Each structure stands twice: as structure tokens, then as C-alpha cells.
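> Dropping the structure in here first, questions after.
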Amino acid sequence: MTALLTIDGATRRFGGLTAVDNVSTTVAKGELVGVIGPNGAGKTTLFNLISGFTPLSSGAVHFKGRRIDGLKPFRIARLGIARTFQNLRIFPNMSVFDNVSVGAAGMLGVSAAEAVFGGRARSEAISRRAWAALEQVGLQDLAGELAANISYGRRKYLEIARALAMEPELIILDEPAAGLNDTETRELAAFIQRLHGAGMTVLLVEHDMGLVMGICQRVVVLASGRKIADAPPEVVRKDPAVLEAYLGVEE
Amino acid sequence: MSDRLRPLLVVAAALVLVLGVVPAVLGALDRSYLYQVANLALIFVLLAASMHLVTGVAGLLQLGHAAFYGIGAYTAALLATEAGLTFGWTLPLSGLSAAFVAVLVALPTMRLVSIYFAVATLGIGQMIYLVMLNWVPVTKGPNGILVTSGLELFGYDLSASAPAYFVVAIITLVSLWVIHRLSHSYYGNALRALREDDQCADAMGLDTVRLKIESFAVSGFFAGIAGALWAHTAGYISPADFAFPQSILILAMVVVGGLGSLPGAVIGALILILLPEVLRPVGDFRNIIVGGVLFFSILLMPKGIIGEVSALDLVRRQLGGAWRGEGTKAGPEVGWR
């Protein structure tokens, strides 16, 4: 398998704190990889390093063989990396459809002159993508609803749909199950597996051990910014370093 | 009524009203003062619509909009009086000069976050006003400029009240159409995404800085167009027409009408221009009444008449990340980004 994403010695220091310390790993095309770790382990910082929101202190990130660290977030997004946010960042005062259409518009490009004088071609391409993404997550019936008015669980799917409308090659989900109950988490797990089954490469940060261990092919474990394990779930589950750092005593 | 038919009916009704009913009434009454009020109302409709794009849709709190209006007006007045150009030239040139200054202003300020951006536009608006006031050799300072060339377009003299009204009305309607195409389309949605969460829009592949500069330039362009219309129809301009209170008046129009809605901006402008005229019989009390309308509209209708964002919400977000709720950690930092 060829590596889609390569993280090479990624390090990020905030003052005296090293949030991410010399982390290297790869994500192959079509893989479903989970990143776990206790609070403050550097999971979200690692995601911000990949998506360009936080600059690296040292190290390198390559995507499809191209070096992407140092690029602006929107350039990285256009190369084919879509992300969701830990704290659910939808556009509350816009309709569900408009939210998703922004993802498509970002990738297909927006031009003021074309919006005024151009034809409908781009506008139709954007809405086709947006509808396809809404249907993928099953929100098409709520398309006209204001995003602020739909339930929390559905907003999670809205955020994923917005990322899917970008038709990315890699989707990065930052704690998608946060705030969901057990039933909703199981549904989400099934959804992510379907997404993966359809050929999407997924990188997933999650607190919910059950979700990560249940669906991921490989799990990267971070503790205090360092990578302490990088193996299939059944191996990670028995790794003494992981048990000590993250799981603590047995459940 | 089907969704496709309704916008057409609204447009048809607006055209009949602006190009049929209003000029018929004005013609019947035949008082030049009423024509001036009508022109002023249309010019402020255009100003509010141009601000709607940048403040209502893109969510950039702009406190110096009148300065771009002034740049347009002074460009038109100076080109007409000093260079002898006719309206056909001064109109596009004043739009372009205002857009050019808007880009110059936008380049350094667009990276400023929230309230700092608002303060920067306030300061720049004041600077431009002070230049108009004090650069006496060029702008004639507080004496203002008398624009005697009237309204000449393609060789026709359209300076009389009725033809001038039609010129203002048609230019305003065309500008509204352009702003509508921008703000109610995928382009407008991209701008709305900046208003809602610009970091998030960045992660969607949108070049947020470019979009902000673009919206600022387009908004400046139409403010400049409004300035040219004012210079040529009023016949006299002075710095006071473009001072800070005018910026606040335009902002109030957008807020009362409803942030993010173009029809809202139009209605807000009409209310705040026509209400003081209608209330003329009650004398100076009218200013209190207008202030009261503003105050209670914010209090009772935080989203304006037909807006999509509450003004309080926008200002609250402009004041910084602390009130963004849960997303504070990932939200924008204060100051520079």
C-alpha cells in the first residue's frame, strides 16, 4: 500500500510545553486509522499540524508525496484533506443545505465575476455535490432547516456531510462521538465503517475507546505528545505501555 | 405560489413601484424637493445594500463606510469640475477609485480579528474624512464643491428632476441586481461562512483573506457609485456629508432591516430616510422618534425586520472569542492571527 499521508518527526512546542513530540506515522490509501490518548496527549494538536492550523516546530508532513506543512489551511484542504472539529463547528445561521454547499464551493472555487455574470454551471455543480453529501448522511429532508435548529446528533452528521461535500481523499474526524450517547455512537461507528467501506481514507481522533478499538484497522496511541504505540487494535489492547499510560487499571 | 414565481413577482413589483408609481406621484406633485428626497432614499438604499454585502453577509463590522461614499463623491465632483468629464465617465471612475482605496485599506486590516477590524475601519473612515476637510487646495475643505455640470449621459442632458430620478433609479436597481447575485448565491454562502466561522471556512478550502478583500472592494465600489450619484444630483458636496454619523446611519439601516438580507437593507434604508421626512410636521421631536425606532427595533427585533443574524450576536462575536461558547479553545485568538 502506498502512503497517502506521511508524518515525519512532527514536533510542536508551545513555550516550554512540547504538545507533539517527534511523532511519525503514515496513513495508507483506504486505511481507517484511529488516534487515541489521554487528555492533553496532543491528539488535536497533531490534527491541527496536519490541516495547517498550527505550524510545525520541526518535522514534515507529506500528502500524496507533496510536502504540505507550511501551507495555509485552505491550500491543504484543496489538496484533498477535509476535517471536522472537536467542538462541532457548523455555521449556525445558515441552512443545512447552505452549510454543506460551502464545503463544495470551497473545493470547486468561488468567483465574484462568475457569480454575477456567469451561467449556472458552477452553481449546479456545487448543489449536486451538496445534495450527494446530504444523502450520504441522510439529512436531505432537513436541507432547508436552519443548522442551529437541528438536534445535536444531526449537527454531527451535518459537519461530516460538509466535509464529504469537499470530496476529499482523506477525512480527519476530531472526536466525532463526543457528546453522543451509546446508541448514537454505535450508529456513528457503523456510518464511519460504511464510509471506509466505500473507499474513504479516515483518520479519527477519539476518546471513546470502544469506537476506536471496534472499527479502526490501526491505532496510534499518544501520551504526553509522544507516540507510544502504533499497531492494530488487538495488539495495542495488550501493550503494557498503553495500558499504563492510557487505560490504567483494567476496566 | 411557487418558489420560482415569487422572486419574479417581487422584482416586477419593485420595478413598477420604482420606475412607474413613484415617478408618477412625483410628477403629479411636481416639487423638486420631493425628487431630492427620492434620490436621497435611492442613494442610501444603494449604500445600505453595499454595506449589507460586507457587514451583513461577510460579517465584517464596517464603521467607516461613508468614507468610500465620500471618495466616490469627491472623485466625481473633482473630475466634473476640474477635468470637465461628464457623468458617463465620472460614474465608473468614482466607483473604481473607491474600490481601489477599499483594497488599500483591506490589505493591512483584513488580518485583524473582530473588534480590531471595526476600530481600524473607524479610524480609516475618520482619516479620509479629515483629508476631505483639511486638504483645502484640492477638496476646498469645509466649503465643499459646487458641481454645476449636472447629469449628462451619452450627450443627453438629464439634469432636470424627472430624468435625473430615472438615472438614479436605474443605476440603483442594476447595482442591487449585482449585489443580489453576489449575496444570494454560492458566492454569498462562502461569504456567510466567513461571518459564521472563518477558520472553519478556511478548512473548507476557501481563501478567506481573498474573499474578505473582494467583498470589501465590491462594497467600496458601490459606495463610490452612490457618491457619484449624490455629487451629480445634489450639485453640492461637503465633508459633513461623509462623516462618522453617516457611517453609523448606514450601519443602522442594515441592522434595522436585518443583517444578511438584501431586502432587509433596502427596507432599513427606506425607513431611516423616509421616516424623518414623514415626521417633519412634529419638528425636532422627529429625531427622538427615529432614535426610539432604532432602539426598540434592536431590543424587540434583534434579527432586524428580515435578517438572518442577530445584530447583538454579531457584535458579541466581534468582541472576541470569550463569548463563542464551547469553541473557545479552537476559536480565533484575540488580536493578530
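The values are calculated or read from the model by the stated rules, or taken from the named source; none is laboratory data. The structure displayed is predicted, hence computed values, not measured ones. Here the Cβ is made from the backbone with ideal geometry for all residues, glycine too, and neighbour counts use every protein chain on show.
> Give me the residue from the range A:63-87 that is touching a Leu at 6+ places or on another chain (Cβ under 9 Å) and assigned to a loop (DSSP other than H, G, I, E, B) and, out of that set, farthest from residue A:6 (Cα to Cα).
Here the answer is A:84.
> Evaluate the range A:135-156: report whether one residue or more is in contact with a Ser or Thr (Cβ under 8 Å, 6 or more places away or on another chain) and polar (S, T, N, Q).
no
> Return yes or no: is residue B:149 part of a helix (DSSP H, G or I) and small (Gly, Ala, Ser)?
Against the criterion (part of a helix (DSSP H, G or I) and small (Gly, Ala, Ser)), residue B:149 does not qualify.
> Could I ask something else about it? From the list B:169, B:162, pick out the single residue that is away from chain A (no Cβ under 11 Å), in contact (Cβ under 8 Å) with a residue 24 or more places away in the chain, over 18 Å from the mean Cα position of the chain (by Cα) and part of a helix (DSSP H, G or I).
Residue meeting the stated conditions: B:162.
> Just to be sure, is residue B:249 modelled with pLDDT under 95, within 14 Å of chain A (Cβ to nearest Cβ) and on the phi < 0 side of the Ramachandran plot?
So residue B:249 fails the test.
> Being closer than 15 Å to residue B:55 by Cα and in contact with a Gly (Cβ under 8 Å, 6 or more places away or on another chain) is the filter here, so list the residues in the range B:222-250 that pass it.
Those that are closer than 15 Å to residue B:55 by Cα and in contact with a Gly (Cβ under 8 Å, 6 or more places away or on another chain): B:222, B:223, B:247.
> When residue A:234 is evaluated against the numbered criteria (1) surrounded by fewer than 19 Cβ atoms within 10 Å (Cβ to Cβ); (2) among the acidic types (Asp, Glu); (3) touching a residue at least 24 places away in the same chain (Cβ under 8 Å), which criterion, by number, is the only one it fails?
(3)
> Taking the residues in the range A:48-57 that are more than 9 Å from chain B (Cβ to nearest Cβ) and of a type outside the set (A, V, I, L, M) as candidates, determine which candidate is nearest to the chain's Cα centre (by Cα).
Ranking the qualifying residues of the range A:48-57, first place goes to A:54.
> I would also like to ask the following. Specify the residue that is farthest from the other protein chains (Cβ to nearest Cβ); the eligible residues are those in the range A:58-117 that are under 30 Å from residue B:180 (Cβ atoms), crowded, with 17+ Cβ neighbours inside 10 Å and aromatic (Phe, Trp, Tyr).
Result: A:97.
> Tell me the residue from B:148, B:109 that is under 16 Å from residue B:247 (Cβ atoms) and either free of Cβ contacts under 8 Å to residues at least 40 places away in the same chain or of a type in the set (Val, Ile, Thr) (or both), please.
Step by step, each of B:148, B:109 is checked, and only B:109 is under 16 Å from residue B:247 (Cβ atoms) and either free of Cβ contacts under 8 Å to residues at least 40 places away in the same chain or of a type in the set (Val, Ile, Thr) (or both).
Residues checked against (1) among the aliphatic types (A, V, I, L, M); (2) touching a strand residue (DSSP E or B) at 6+ places or on another chain (Cβ under 8 Å); (3) not in a strand (DSSP E or B):
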{"residue": "A:10", "(1), (2), (3)": "yes, yes, no"}
{"residue": "A:24", "(1), (2), (3)": "no, yes, no"}
{"residue": "A:34", "(1), (2), (3)": "no, yes, no"}
{"residue": "A:45", "(1), (2), (3)": "no, yes, yes"}
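Conditions (1) at pLDDT 90 or above; (2) over 17 Å from the mean Cα position of the chain (by Cα), marked per residue:
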| residue | (1), (2) |
| --- | --- |
| B:133 | yes, yes |
| B:139 | no, yes |
| B:148 | no, yes |
| B:151 | no, yes |
| B:176 | yes, no |
| B:187 | yes, yes |
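> Then there is this: Of all residues in the range A:181-213, which are over 15 Å from the mean Cα position of the chain (by Cα), surrounded by 15 or more Cβ atoms within 10 Å (Cβ to Cβ) and among the small types (Gly, Ala, Ser)?
Those that are over 15 Å from the mean Cα position of the chain (by Cα), surrounded by 15 or more Cβ atoms within 10 Å (Cβ to Cβ) and among the small types (Gly, Ala, Ser): none in the range A:181-213.
> Quick check: is even one residue across the range A:27-50 within 28 Å of residue A:180 (Cα to Cα) and hydroxyl-bearing (Ser, Thr, Tyr)?
For the range A:27-50, residues within 28 Å of residue A:180 (Cα to Cα) and hydroxyl-bearing (Ser, Thr, Tyr): present.
> So, in the range B:260-309, of the ones that are surrounded by fewer than 17 Cβ atoms within 10 Å (Cβ to Cβ) and charged (D, E, K, R), which residue ends up farthest from residue B:223 (Cα to Cα)?
Looking at the filtered set, the residue picked out is B:284.
> Separate question: Against the condition within 13 Å of the chain's Cα centre (by Cα) and at pLDDT 85 or above, how does residue B:13 come out, does it pass?
The answer is no for residue B:13.
> For the range B:184-216, which residues satisfy the criterion of being within 9 Å of another protein chain (Cβ to nearest Cβ) and farther than 22 Å from residue A:76 by Cβ?
Of everything in the range B:184-216, those that are within 9 Å of another protein chain (Cβ to nearest Cβ) and farther than 22 Å from residue A:76 by Cβ turn out to be B:185, B:187, B:188, B:192, B:195, B:215.
> Moving to a separate point now. Quick check, is residue B:225 surrounded by 24 or more Cβ atoms within 10 Å (Cβ to Cβ) and of a type in the set (Val, Ile, Thr)?
yes
> Shifting gears a bit: Mind listing whichever residues of the range A:144-157 are closer than 16 Å to residue B:189 by Cα and crowded, with 17+ Cβ neighbours inside 10 Å?
Result: A:147, single match.
> Might you let me know whether the range B:43-63 holds any residue that is surrounded by 24 or more Cβ atoms within 10 Å (Cβ to Cβ), in contact with a Gly (Cβ under 8 Å, 6 or more places away or on another chain), farther than 14 Å from residue B:262 by Cα and of a type in the set (A, V, I, L, M, F, W, C)?
No: the range B:43-63 contains no residue that is surrounded by 24 or more Cβ atoms within 10 Å (Cβ to Cβ), in contact with a Gly (Cβ under 8 Å, 6 or more places away or on another chain), farther than 14 Å from residue B:262 by Cα and of a type in the set (A, V, I, L, M, F, W, C).
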